[in-house]
1. Project the alpha carbons of region 2-282 onto their principal axes and report the range along each, largest first, in whole Å.
2. In whole percent, what relative contact order does region 2-282 give with Cα contacts below 8 Å and a gap of six or more residues?
3. Rg over Rh of the chain, using C-alpha atoms and the Kirkwood radius, what does it come to?
4. Going down the table (K75/K307; K394/K492; K359/K425), which pairs top 23 Å between alpha carbons?
5. Based on the Kirkwood radius over alpha-carbon pairs, what is the Stokes-Einstein translational diffusion coefficient of region 331-482 at 10 °C with 1.306 mPa s viscosity, in µm²/s?
6. With a point put 7 Å past each Cα toward its Cβ, work out how far I376 is from N416 in nm, to one decimal.
7. For the chain, what's the relative contact order in percent, using C-alpha pairs closer than 8 Å and at least 6 residues apart?
8. Going by a 4.7 Å Cβ-Cβ cut-off, which cysteines of the chain have no partner at all?
Amino acid sequence: MDFCVTTPIYYINGEPHVGHAYASTAADIIARFKRLDGFNVHFSTGTDEHGIKVARSAEKAQMDVHAFSDMMSQKFKDMSQLMNISYDDFIRTTEPRHIESAQTLWTMIESDIYKSSYVGWYDPRDETFVNESDIVDGLAPSGGKVEWMEEESFFFRLSAYQDKLLEYYEEHPDFIAPISRRNEVISFVKSGLKDLCISRSKFDWGIPVPGAIDHVMYVWIDALANYLTTFGFPHDRAKAEARMRECVHIVGKEILRFHAVYWPAFLMAANLPLPKRIFAHGWWTSEGQKMSKSIGNVVNPNEIVAKYGLDAVRYFLMREVRFGEDGDFSADAISKRINYDLANDLGNLVQRVLAFIQKRDGFLRADYNFSESAKILVDHARELIAKVRPYIDKQDLHGALDTIWGLVTESNKFVNDVKPWELAKKNDPQLDSVLTALCESLKSIAFGISPFMPGTAAKIFGFLNLKGHSFDEIQNNFESQKLPAPTPLFPKEK
Ligand code: ME8
């Protein structure tokens with residue numbers, strides 16, 4: 001079965017920061033879970049390289065815009081590598097395959113395009129047209145300075161799609177998530193859609209409009225088309241359509257309107273299928289303040305990964321706030337999560353069980369004659385993925401972690417109740433089945449955390465001599481064997 005997940009493609013006018021790392025990590029977790037669950041996954045990310053903002057940044061850096069794009073796009077690739085993002089495709093909008101795809105999309109919606117002139121305000125920071133009524137002291141809602149624009153442009157007949165969109169949202173209640181955001185989109189569309197200006201002619205850093213070379217496409221139509229490109233459009237249209245139907249777009253809340261209103265309208269106009277879902281996640285602040293270069297509080301992924309470790313950062317981002325809500329990145333909050341959840345709960349459980357086995361003689365003697373309480377633990381362990389799956393399918397990554405931590409807590413309680421060290425002292429024959437039950441639980445926990453903390457899961461798989469490639473392995477019993485000595489997973493933060 002096919003499954004697709006995408007991140008936004010990032011603007012390359014600035015350095016990657018924790019917000020980009022967040023969106024990519026969330027999509028990565030979903031992709032990894034689906035792969036372990038047997039799906040044929042296509043996971044794409046990339047960079048959005050055209051538009052006035054990028055052209056100006058290149059100018060400011062006194063660089064040729066192509067060289068500037070190569071340099072900046074590489075930084076986002078590096079960020080993906082740093083965060084262990086398992087993308088299948090990294091798409092750049094300056095690639096020939098994308099230019100062809102965006103131009104093909106344009107020609108497919110041409111019957112809804114007309115020429116007119118745009119007279120009004122533009123916000124280069126958000127690459128968006130702004131209503132007079134939304135401007136306060138010369139600033140757009142993004143905080144960017146608006147510019148007056150008067151150009152002959154092409155327009156897309158968005159107004160013709162108002163009712164079709166509302167009908168679609170009604171018939172597909174899961175199309176936009178979370179629900180609060182869905183309601184915002186519906187009220188926006190109900191308040192009336194105006195036709196959308198979709199070309200620019202005052203600069204040329206963009207994809208030429210087919211048949212009108214003095215115009216380049218508005219950067220958002222170019223950017224949205226990236227999803228089709230990565231799915232194989234226009235050459236393998238059947239595959240691209242199949243992938244689109246199974247696709248979840250992960251986006252930040254500030255770009256939901258582009259994805260939930262403009263994008264479906266373009267796809268409807270082109271007679272192409274719509275994605276399965278658009279999930280809008282929240283925004284991160286840093287130590288309680290909006291991240292900004294001038295305050296100097298922008299959270300740099302390189303620095304936090306070096307300081308806290310990759311898996312701790314990935315865990316923190318997903319655990320600190322429910323996916324969809326805003327979060328605050330603070331040194332205090334991440335240290336607490338590392339100490340309590342990772343070192344005390346998870347790390348301690350793994351050590352208690354595996355260091356105990358090592359101290360004995362390093363042998364796991366598989367014994368499946370469980371006592372009542374051990375059987376309950378193993379049943380819960382083997383049901384873990386079935387319980388986590390619905391959360392992943394609604395992109396509730398926080399709920400998924402909560403469920404996994406339920407088993408961590410239950411396992412720690414089992415150790416406290418059963419006291420293996422006392423069983424050992426008494427030479428109690430139940431000890432082997434108790435340790436087997438705990439290894440079963442560690443196996444399920446390792447599979448559960450694997451999408452979130454792939455490195456940590458790989459260590460636990462190693463301690464248990466497991467491959468860790470598919471959730472199917474959970475149902476196999478352990479064989480009696482010598483286990484390698486475990487090493488600590490998470491050092492405590494001061
Ligand atoms: O909007 N907190 O690119 P972009 C959380 N190129 N997430 C954040 C964040 C923050 N403080 N800052 C950024 C664009 N993000 C377009 C997208 S898609 C066809 C085109 C994340 O570089 C969030 O996911 O401004 C946001 O939507 C994305 O980065 C936008 O990055």
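1. 53, 47, 39
2. 22 percent
3. 1.04
4. As for pairs spanning more than 23 Å Cα to Cα, those are K394/K492.
5. Using the Kirkwood radius from Cα pairs, D works out to 100 µm²/s.
6. 1.5 nm
7. RCO, the chain: 16 percent.
8. By the Cβ distance rule, which asks for a partner under 4.7 Å, the isolated cysteines are C197, C439.
The values are calculated or read from the model by the stated rules, or taken from the named source; none is laboratory data. Just so it is clear, the structure is predicted and the values come from calculations on it, not from any experiment. Glycine also receives a Cβ, built like all others from the backbone with ideal geometry; neighbour counts cover every protein chain displayed. Surface accessibility is based on the protein's heavy atoms, side chains included, excluding ligands, DNA and RNA. Shrake-Rupley method; radii C 1.70, N 1.55, O 1.52, S 1.80 Å.
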